[in-house]
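Trainee: Can you keep this structure in mind? I'll have questions shortly.
The values are calculated or read from the model by the stated rules, or taken from the named source; none is laboratory data. Note that the structure is predicted; figures quoted are calculated from it, not measured. For neighbour counting, all protein chains shown are included, and Cβ atoms are generated from backbone atoms with ideal geometry for every residue, glycine included.
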Amino acid sequence: MKMEADLKVGFKDKANKMLGYYPADAKLSKSYIAVAFIALLVGGFLGLLQGLNRAGLLELPTWFNYYQVLTAHGLILILVLTAFFTIGYFYATLSHNLGGLLPKVRKLAWVGFFVKLVGFVLAVIPILMNEASVMYTFYPPMAAHPIFYIGLALIVVGVWMCCIGAFIQVANWRKNHKGQHVPILSYFATGVFVLLFFALMFVAVEVLFMILPWVFGWVDTINVMVARTLFWAFGHTLVNIWYLTAVSAWYVVVPKIIGGKRWSDLLTRVVIIALVIMNITGGFHHQIIDPGINELVKFMHVFMSLAIGFPSLMTAFALFAVFERTSRRKGGKGLIGWWKKMPWGDVRFLAPFIAMLAFIPAGAGGIVQSTNQLNQVVHNTMWVVGHFHLTLGMSVVMTFFGISYWLVPYISNRVLTPQINRLGVIQTWIWTVGMICMSGAMHYVGLLGSPRRTSYTTYGDHATALGWDPYLLLLAVGGTLLIIGVILQVYAVFNMMFFAPKGETEFPIAEEEDNATKTPYWTERWGLWIVIMLIVVAMAYVIPLTEFIVNAPPGSPPFKTW
Amino acid sequence: MKMHLDEKIWLTISFGIIMGFMLITGYQAFALEMGPPSNMETIDPQKVDQTAPFDNPGVKEIGDNEYEVVMTLQAFGFTPNNIEIPAGAKVTFILTSKDVVHGFEVAGTNINAMVMPGHIQKITQTFDKAGNYLVICNEYCGAGHQVMSTTITVK
């Protein structure tokens with residue numbers, strides 16, 4: 001009897017392994033994804049509070065004011081949601097692609113998980129106590145409670161552990177598969193973890209070597225421009241890390257779901273390499289109207305920022321070409337008739353598809369606001385908030401939602417039911433309408449001059465500010481729709497995780513075209529890409545940082561202005 | 001690497017668009033002198049009141065309908081406050097912060113600059129249209145950030 005049971009277990013394990021499913025790894029990813037969606041729920045409600053306040057509909061209590069809510073909203077959604085989802089998704093990928101996680105890698109990711117959670121709790125406590133209303137950008141010389149920064153440092157360390165784990169996993173696979181290409185989705189994962197690893201260095205230097213000695217009082221003053229520049233070297237790269245994560249699903253997963261093949265493997269890898277090399281320097285377009293950087297250097301930075309647009313334009317072509325090719329193969333006709341052949345009722349397609357569509361205005365907005373003069377019009381206005389709700393809130397997060405409808409069943413050994421699929425389709429449309437209202441209103445009111453990060457105000461009933469109110473109301477309407485979307489999405493995720501019928505779900509990875517040309521091996525030379533990346537970073541950063549340090553004004557003492 | 005003709009055309013257009021943006025941005029910045037505010041001067045942020053020109057903030061006429069406004073920003077206000085200038089005046093704002101990072105934005109114009117402690121920022125604008133302009137801080141600066149505003153009256 002016992003032997004029979006053992007045999008059965010052994011057989012099931014083997015079957016799972018053939019499907020690339022490893023229960024211990026699935027549990028890890030499940031934990032990461034669960035935290036990500038709890039963060040979405042909490043962060044989403046905080047967002048609703050802000051939207052209602054901003055429209056003048058809700059006054060927040062003094063013990064939980066607008067700026068506390070805003071700091072928490074940013075931290076929870078920008079750091080927790082994205083980091084936990086990205087790691088959960090890519091660790092599931094590495095496990096599936098590369099024959100299961102190595103025990104030490106899995107352990108590293110678990111330690112990283114708890115280090116990040118502890119870090120997060122430490123960062124949130126001072127926010128709740130109104131000791132850290134400094135936003136997720138925490139620009140010095142505003143100084144929060146030291147515990148806030150210690151929490152941030154722990155989050156950095158936790159993410160680093162996952163980066164290193166991924167490097168060990170990929171290196172080990174390459175050692176055992178000499179001359180082979182790393183599978184495409186794991187190649188995306190490698191790019192993302194390389195970027196995370198290096199981007200975090202900038203913010204780690206800022207927090208560990210500049211801010212902590214200063215808030216502890218070991219040094220009297222801080223160089224505000226250096227701190228700000230280091231922050232954006234990290235901050236903007238983080239944006240593109242989310243984007244690269246979403247793009248991985250667009251290139252690899254979505255073609256499989258619509259029953260098609262992948263676009264050129266080589267061009268896909270070239271896009272990844274280009275995004276890794278050019279990303280970090282994009283941070284400077286957050287500083288176009290800063291003092292202390294001369295116009296020639298700023299012009300170079302505009303070029304470096306716009307250059308990131310090029311791989312995205314390559315992506316735009318590739319994805320629509322895949323859609324058209326697949327639909328025509330299924331009998332789609334005419335210039336636009338092939339659209340009818342796409343699986344509109346499948347949330348695993350619909351959500352990432354709308355996410356891609358959203359990236360057209362989002363990317364275009366990004367390009368225009370990176371140029372000097374247009375940046376000056378919109379810098380620090382609600383336009384920027386609209387921009388990153390369109391990019392992060394729509395292009396990236398909707399892709400994450402779309403991924404969740406197969407990833408969560410996959411790691412939970414359950415299936416996506418038609419009911420949950422239908423719920424997902426409804427959720428997708430609610431989210432789409434909500435984001436269009438909210439982001440549209442933000443973009444427009446920003447053009448009129450309404451500032452970001454400002455609680456409800458009419459500036460003494462000034463006519464200009466009163467003219468912004470109708471748009472801020474539309475913003476609140478969008479925000480209200482979005483919270484409905486958040487609730488439906490979180491319900492769907494936890495239903496699929498714990499209550500959906502048991503069964504095996506496929507990890508959808510599209511194949512290459514049958515007649516595809518072989519990808520040359522130079523794409524695997526990560527050492528070279530990292531060296532080129534560091535050279536590009538040096539080109540962008542050495543001049544301004546030297547200027548800030550050599551010609552530094554006397555520094556600033558810490559301030560608590562809230 | 002084989003690439004479709006359509007893709008080559010698309011990528012050429014993409015490259016052209018990006019270069020177009022660069023050319024226009026460069027032309028505006030360097031030929032039309034519409035570059036972003038990028039002043040390089042520094043100051044001791046703890047001694048702003050003792051350092052010229054900020055020891056005497058205010059509106060100064062420096063030429064024929066040309067003005068200089070020396071202004072300090074601190075949580076949560078601007079010094080000087082509620083200034084007046086004649087229509088058609090070309091005004092250069094000379095700005096610095098006495099505490100945290102602030103933003104200087106005049107709604108309805110292209111005036112928008114970061115004002116960092118330790119750095120002197122400059123931005124110039126010609127006010128052709130008369131009216132009451134709203135000046136706000138657009139960088140979160142603390143509990144009273146939403147009240148940090150003033151006006152410029154152009155007559």
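Trainee: Looking at (1) at the interface with chain A (Cβ under 7 Å from one of its Cβ atoms); (2) within 21 Å of B:Tyr140 (Cβ to Cβ); (3) under 16 Å from the mean Cα position of the chain (by Cα), can you tell me which one B:Val100 breaks?
Mentor: (3)
Trainee: Here's a follow-up. A:Met201 versus (1) of a type outside the set (Phe, Trp, Tyr); (2) out of contact with any helix residue (DSSP H, G or I) (no Cβ under 6 Å at 6 or more places or on another chain); (3) within 30 Å of B:Pro36 (Cα to Cα); (4) crowded, with 21+ Cβ neighbours inside 10 Å: which is the lone unmet condition?
Mentor: Going through the list (1) of a type outside the set (Phe, Trp, Tyr); (2) out of contact with any helix residue (DSSP H, G or I) (no Cβ under 6 Å at 6 or more places or on another chain); (3) within 30 Å of B:Pro36 (Cα to Cα); (4) crowded, with 21+ Cβ neighbours inside 10 Å, A:Met201 breaks only (4).
Trainee: Still on this structure, please answer the following. Being among the hydroxyl-bearing types (Ser, Thr, Tyr) and in contact with a helix residue (DSSP H, G or I) (Cβ under 8 Å, 6 or more places away or on another chain) is the filter; apply it to the range B:36-77 and report the residue that is farthest from A:Val226 (Cα to Cα). Lay out the reasoning, then the answer.
Mentor: Taking the range B:36-77 as the starting set, the residues that turn out to be among the hydroxyl-bearing types (Ser, Thr, Tyr) are B:38, B:42, B:51, B:67, B:72.
With in contact with a helix residue (DSSP H, G or I) (Cβ under 8 Å, 6 or more places away or on another chain) added as a condition, the list becomes B:38, B:72.
Values: B:Ser38: 16, B:Thr72: 22 Å.
Checking each candidate, the answer is B:Thr72.
Trainee: Something else about it: Checking the conditions here, which among A:Thr315, A:Thr399 is farther than 30 Å from A:Tyr491 by Cα and either crowded, with 22+ Cβ neighbours inside 10 Å or within 16 Å of the chain's Cα centre (by Cα) (or both)?
Mentor: Working: A:Thr399 fails: farther than 30 Å from A:Tyr491 by Cα.
Step by step, each of A:Thr315, A:Thr399 is checked, and only A:Thr315 is farther than 30 Å from A:Tyr491 by Cα and either crowded, with 22+ Cβ neighbours inside 10 Å or within 16 Å of the chain's Cα centre (by Cα) (or both).
Trainee: Separate question: Would you mind stating whether A:Asn380 is closer than 20 Å to A:Gly282 by Cβ and either over 22 Å from the mean Cα position of the chain (by Cα) or among the basic types (Lys, Arg) (or both)? Explain how you work it out, then say what you get.
Mentor: Values: closer than 20 Å to A:Gly282 by Cβ: yes; either over 22 Å from the mean Cα position of the chain (by Cα) or among the basic types (Lys, Arg) (or both): no.
Taking the combined requirement at face value, the residue does not satisfy it.
Trainee: Taking the options B:Thr124, B:Thr151, name whichever one is in contact (Cβ under 8 Å) with a residue 12 or more places away in the chain and more than 8 Å from chain A (Cβ to nearest Cβ). Give the derivation first.
Mentor: Values: B:Thr151 fails: more than 8 Å from chain A (Cβ to nearest Cβ).
Of B:Thr124, B:Thr151, the one residue that is in contact (Cβ under 8 Å) with a residue 12 or more places away in the chain and more than 8 Å from chain A (Cβ to nearest Cβ) is B:Thr124.
Trainee: Right, here's the next one. Tell me which strands (runs of 3 or more DSSP E) are completely within the range B:1-112 and hold 3 or more residues being among the hydrophobic types (A, V, I, L, M, F, W, C), or say none if there are none. Before you say what the answer is, go through the steps one by one.
Mentor: Numbers: elements: B:58-63, B:66-74, B:77-79, B:83-85, B:89-97, B:102-106.
The qualifying strands (runs of 3 or more DSSP E) are B:66-74, B:89-97.
Trainee: Which residue pairs have Cβ atoms under 8 Å apart, sit 6 or more places apart or on different chains, and have a first residue in the range B:27-54 that is at the interface with chain A (Cβ under 7 Å from one of its Cβ atoms) and a second that is in a loop (DSSP other than H, G, I, E, B) and acidic (Asp, Glu)?
Mentor: Close Cβ pairs satisfying both conditions: B:Ser38/A:Asp290; B:Pro45/B:Asp99.
Trainee: Going residue by residue through the range A:508-515, is there one that turns out to be in contact with a Lys or Arg (Cβ under 6 Å, 6 or more places away or on another chain), outside any helix (DSSP H, G or I) and within 14 Å of chain B (Cβ to nearest Cβ)?
Mentor: Checked the range A:508-515: at least one residue is in contact with a Lys or Arg (Cβ under 6 Å, 6 or more places away or on another chain), outside any helix (DSSP H, G or I) and within 14 Å of chain B (Cβ to nearest Cβ).
Yes/no per residue for (1) modelled with pLDDT of 95 or more; (2) more than 13 Å from chain B (Cβ to nearest Cβ); (3) crowded, with 23+ Cβ neighbours inside 10 Å:
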| residue | (1), (2), (3) |
| --- | --- |
| A:Thr237 | no, yes, yes |
| A:Thr245 | yes, yes, yes |
| A:Gly259 | no, yes, no |
| A:Ala274 | no, no, no |
| A:Thr281 | no, yes, yes |
| A:Gly292 | no, no, yes |
| A:Val297 | no, no, no |
| A:Ile308 | no, no, yes |
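Trainee: Determine if the range A:531-551 includes at least one residue that is outside any helix (DSSP H, G or I) and within 14 Å of chain B (Cβ to nearest Cβ). Even if it seems obvious, please write down each step before you answer.
Mentor: Let us first name the residues in the range A:531-551 that are outside any helix (DSSP H, G or I), namely A:551.
Now restrict to residues that are within 14 Å of chain B (Cβ to nearest Cβ): A:551.
Scanning the range A:531-551 turns up at least one residue that is outside any helix (DSSP H, G or I) and within 14 Å of chain B (Cβ to nearest Cβ).
Trainee: Using the structure shown, decide if A:Val445 is closer than 23 Å to A:Thr391 by Cα, in a helix (DSSP H, G or I) and in contact with a strand residue (DSSP E or B) (Cβ under 9 Å, 6 or more places away or on another chain).
Mentor: Working: closer than 23 Å to A:Thr391 by Cα: yes; in a helix (DSSP H, G or I): yes; in contact with a strand residue (DSSP E or B) (Cβ under 9 Å, 6 or more places away or on another chain): yes.
For A:Val445, the condition - closer than 23 Å to A:Thr391 by Cα, in a helix (DSSP H, G or I) and in contact with a strand residue (DSSP E or B) (Cβ under 9 Å, 6 or more places away or on another chain) - is met.
Trainee: Okay, next question. Please go through the range B:132-148 and pick out each residue that is facing chain A (nearest Cβ under 8 Å), part of a loop (DSSP other than H, G, I, E, B), of a type outside the set (D, E, K, R) and crowded, with 20+ Cβ neighbours inside 10 Å.
Mentor: If the condition is that a residue be facing chain A (nearest Cβ under 8 Å), part of a loop (DSSP other than H, G, I, E, B), of a type outside the set (D, E, K, R) and crowded, with 20+ Cβ neighbours inside 10 Å, then B:Cys137, B:Asn138, B:Tyr140, B:Cys141, B:Gly142 are the ones that fit.
Trainee: Something else now. Among the listed residues A:Thr480, A:Thr505, A:Thr457, A:Thr517, which satisfies the condition of being modelled with pLDDT under 95, farther than 30 Å from A:Tyr251 by Cβ and polar (S, T, N, Q)?
Mentor: After ruling out the rest, the residue left standing is A:Thr457.
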